[in-house]
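Working notes, beginning with the structure itself.
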């Protein structure tokens, strides 16, 4: 993680939002203490030469918090993300009041700090893919390559946030991201997914493809079809199922 953090640049590493989250992951600091330190940072009076408090500054603070969170999660294996998940869960429960209006502070398209977790969907959507570097990896080289590991870590982070959400539609609930991603894979590569399952392809991973796994995916889509009622989502799920069934019939 040390080497990867250097890519943030010295100026970014000096920001308190980054420091709070790095210390949370690297030391025995608790999520509760990290949340309190982040909240207290906004209460520090501006130093000479600093801009006065404003919604823009609050927006920057929220943005850099979410940025730091997602980037650190990308560098952190799923099993080590527990403190980050708990940090988000605690932070989301805290409303920040604007002393000028005595109302909850609002940034980024009318999102409340911190109960709406502003910027979390914007930034995670931007980072939901990964930069694939084409190349041949020998057995001696690390696999999966770092950019794929980071992508997997981000997805695990989103999934664990979703699991920790207290209700459907909660600001920590990213269920729709996973569902739509699965549908896109079936729509555009349904035949190949079916072929892999039929051939029990391992692709270098002991969790090989097989037909029981394919059936579980299908059942998962049908379950989602009952749970997600929005018309556009229903259409996407049906298209994915139709493509998957069509792929099976074409191959048979």
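Would you mind ranking 114, 185 by Cβ crowding within 10 Å, fewest neighbours first?
Least crowded to most crowded, the residues run 185, 114.
Can you put 197, 183 in order of Cβ neighbours within 10 angstrom, beginning with the fewest? Intermediate results must be reported in sequence, preceding the final value.
On the way: 197 19, 183 22.
Starting with the residue having the fewest Cβ neighbours, the order is 197, 183.
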Given the alpha-carbon gyration tensor of region 174-251, what are the semi-axes of its equivalent ellipsoid in whole angstrom, ordered largest first, with each equal to the square root of 5 times an eigenvalue? 23, 14, 10
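Suppose the chain between residue 13 and residue 216 were pulled fully straight at 0.36 nm per residue; how much longer would it get relative to their current alpha carbon spacing?
Working: separation 203, 0.36 × 203 = 73.08 nm, distance 4.37 nm.
Working it through step by step, the gained length comes to 68.7 nm.
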At 0.36 nm per residue, minus the direct Cα-Cα distance, what do residue 100 and residue 122 gain on full extension? Give it in nm, one decimal, please. 5.2 nm
If neighbour count is taken as other Cβ atoms inside 10 Å, put 61, 170 in order from fewest to most. 170, 61
Run the quick spin-label model on residue 185 and residue 57: label points 7 Å from Cα toward the beta carbon, then report their separation in nm to one decimal. 4.5 nm
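Only the coordinates and a few stated rules stand behind these numbers; no lab work does. In this text the structure is predicted, and so the values were computed from the model without any measurement. When we count neighbours, we look across all protein chains shown, and the Cβ atoms used for this are built from the backbone with ideal geometry, even at glycine.
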